[in-house]
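The values are calculated or read from the model by the stated rules, or taken from the named source; none is laboratory data. Computed from a predicted model, the values in this text were never measured in an experiment. Note that each Cβ is placed from the backbone with ideal geometry, even for glycine, and that neighbours are counted across all protein chains shown. When the accessible area is computed, the model is the full protein with side chains, heavy atoms only, and any ligands, DNA or RNA have been set aside. Shrake-Rupley method; radii C 1.70, N 1.55, O 1.52, S 1.80 Å.
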Amino acid sequence: MRLLHFLPLLSAGLFLSCSGEPASGGNRIALLVGINQYQKAGGGSSWSNLDGSVNDVERAAELLIDRFGFREGDVTVLTDSNATHEGIVRAFHEKLIQPAQQGTEVLFWYSGHGSRLPDVSGVGGSELEGMDSTFIAYDSRDGVDPFDITDDELHSLLAALCRKTSNVTVVTDCCHSGGITRGPAAGKSRSAPPGKSPVAQADLSAFWPDEVPFLEDGDPRRGPLPYVHIAACSSKQTAKEISLRIPGREPISHGAMTWFLVSALEEAQPGTTYRELVRSTALKVAEYFPDQDVQAEGEVDRMFLGADFASPPPGFSAVLQPDGRRVDVEAGHAHFLKRDTLLEIQDLGGKVLGKARATRVFATHAVARVEGGSLKRGAAVPVRVVELERPPGDDPFPLYIGSGPLEDALATAMRRRGKDMVEVLSQPLLGNGYQVEVTPEGSLALLTSGDGVPLWEEDNPAGSDSARGARAAEGMLEFLRTKESRFRSLWSLAAQPGEIPIQGTFCSPSKEWEEKMGLAGAVFEEIKTRGLGGEAPSSGFVVSLAPGEKPVLGMEIGLPSNAEAAHLTVLVASENRDISVAWPAEGNRSNKFEPGENRRVFWRVKLESWDLSRPMRDRYLIIATEEAADFHTLVQKGKLDKTRGGAGVPGVLAQAFSKERTRGGPGVPPERQGFGVMALDLQLRPAQSP
């Protein structure tokens, strides 16, 4: 079996790139489409306007110009009423196809609603369930007939473009199936119900470019395009929007995939591959929305933009405010920035101006206070900040409670008892943080804001509001301090790969092994979505389970030949907050791997507290350590036992496993410690009834 660095994939967003290395210094052009306000959304329709699509393309445009050498005049942005069906097709032809030459780098980006329409071709098997995937333009749903942009249209335009240049990238942050998100602060999804009427070539005759052949399904001229395709979710999932807190401003929304993809691009080094970009994006999206699988197909090992761009400067972009005492930093928890982090302030030429300490840290932004006197400049000044010292401990959990006598009592108790652990919000953050609900039975319940995953529920809803609020605050804080803190720390290890390289993929046991052991192996299914050419790319792995079933899972794990010998352990952190050691079994010390060695290892599914009313994501962490380490004791006790292999656990890993959230502990940067981490996500789904 070929070993892979595991790559979950993207589906509400597409990311396409035709093969071929871009010519160094070649011109670059882009068309970015973002639609928040639709002509016929809302009102009596069953779908709504969006909040973050325009923010998506504005941020992407700024990135292309500032980071990747696109000229302002070569980046076309269409938003809202300018992004009609005709307007998008004409702009694609005039701004991308016509000016493209051999070696031109081309980017098309769409953020908005996606849907489906009946496939007019009648070619059996060409589309999933006989439906075209579509993108909804501003005027697509006019109240009479759907007029979406179909995947056949986009494929035809891309085919014409790829005949002129082989360096084409497409990003679309939308989805192609209906669905709902859970919880009042779950955020908006970028999907609309399927339309009933197909779109045929004749419907486009008034504006379709004469020199662009329209390639319907079944057309003999239609063949595969050599692109990399990244999609924000599978065809059965929805693409989510996320609400982000910005210092001194109202929360803003973005597509979750776009936000984390652009963040990955901001930090990309020359030579970064599409696989690496998608992997980092997928793992971050899954932390906020476990039921959204980022996906990719095609030549994902190609280098982004042919590596033809400069390395990013160290640190993060920031703005030194006119008073010279406040610095607004464009980085936050998603970048591992923490409260009390010491930062060095530099001008854009690299000259050191002074130091500042982070005082408030949000998901993607932070506020820092200048130390040692004002750096007043008379106006806001763009600067860079570089992390000098990362403090120990953890930042508060953002929590929205709502209003009402019972909720007010809980909020008061939370502020009094958990002021260093919880930040009570005045409004929910869509897809970000935590929220409290009163269940239909009248109990207080703690949920995630992303997908409304239930975490904790009041077991004795009796007594006065004040008494209930106090008890609930104590229970929620205990849960957040222990199980939630450890779960979040372990999931975030996926973004800290360490120094030791690891290889791994899921695998099923052989029939011979099943017969010998008398156990049934899990059947790994590939999550499928449709590419623009009609292909069905792999987008990650899923196992379907019947009630009570506990099949055997397996992985093939190992080290590349250029690595040093290391000890490997497989941990699993489930969405239901259970954490366990999958391999090796307790007491088994035969987990040392030599360079180039690979093994197949197996264990049974553990599913103790999940009713599978919806899929559950397990994050498998393959951890490499230089010395033997007993993770069983660490998982059970939440602390090191140096007499049982605990001495081999690097400090950054031991801190992640700690059962209690603290304000103390080692502050050693992870890159200075000898370990490696590789994350593989797996969805457990209820088996479909025959």
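Worth a mention:
- Between Lys550 and Ser590, the FRET efficiency from the beta-carbon distance, with R0 = 25 Å, is close to 0.55.
- Segment Gln201-Lys419, length gained on full extension (0.36 nm per residue, minus Cα span): 72.3 nm
- Label-zone membership for segment 447-473, site Thr482, 7 angstrom Cα→C-beta point, backbone N under 16 Å: 455-459, 472-473
- Dimensionless Rg over Rh [segment 233-366; C-alpha; Kirkwood]: 1.01
- Note on Val438/Asp301: beta-carbon distance plugged into 1/(1 + (r/R0)^6) with R0 of 41 Å gives a FRET efficiency of 0.25.
- Rg in Å to one decimal, and Dmax rounded to a whole Å, for segment 548-592 via C-alpha atoms: 13.3, 43
- Fully extending the segment from Thr359 to Leu519, taken as 0.36 nm per residue of separation minus the present Cα-Cα distance, adds 52.2 nm.
- Distance from segment 565-594 to segment 267-326 (C-alpha centre basis), Å: 29
- Cα-Cα P(r), segment 435-512, percent of pairs per 5 Å interval: 3, 12, 17, 17, 11, 9, 9, 7, 7, 5, 3, 1, 0
- Max-minus-min Cα coordinates of segment 45-100 on each principal axis give 41, 25, 12 Å, with the largest extent listed first.
- When every Cα-Cα distance of segment 233-300 is counted in 10 angstrom steps from zero, the calculated P(r) takes the values 20, 47, 27, 6, 0 percent.
- Phe336 accessible area, 1.4 Å probe, all protein chains in place, Å² to nearest 10: 50
- Distance-filtered residues of segment 411-446 - backbone nitrogen under 13 Å, label point 7 angstrom along Asp465 Cα→Cβ: 411-413
- Shown here: segment 375-509, whose C-alpha atoms stretch 67, 53, 26 Å along the first, second and third principal axes, sorted largest to smallest.
- Order by protection proxy (mean Cβ within 10 Å, highest first), peptides 597-604, 441-448, 280-287: 280-287, 441-448, 597-604
- Heavy-atom accessible surface of Leu158, to the nearest 10 Å², is about 0 Å², with a 1.4 Å probe and all protein chains retained.
- Extension gain, Ser580-Arg163: 0.36 nm per intervening residue step, less the Cα-Cα distance, totals 144.9 nm.
- Between Gln101 and Lys511, the distance separating the two model label sites (each 7 Å from Cα on the Cα→Cβ line) works out to 6.0 nm.
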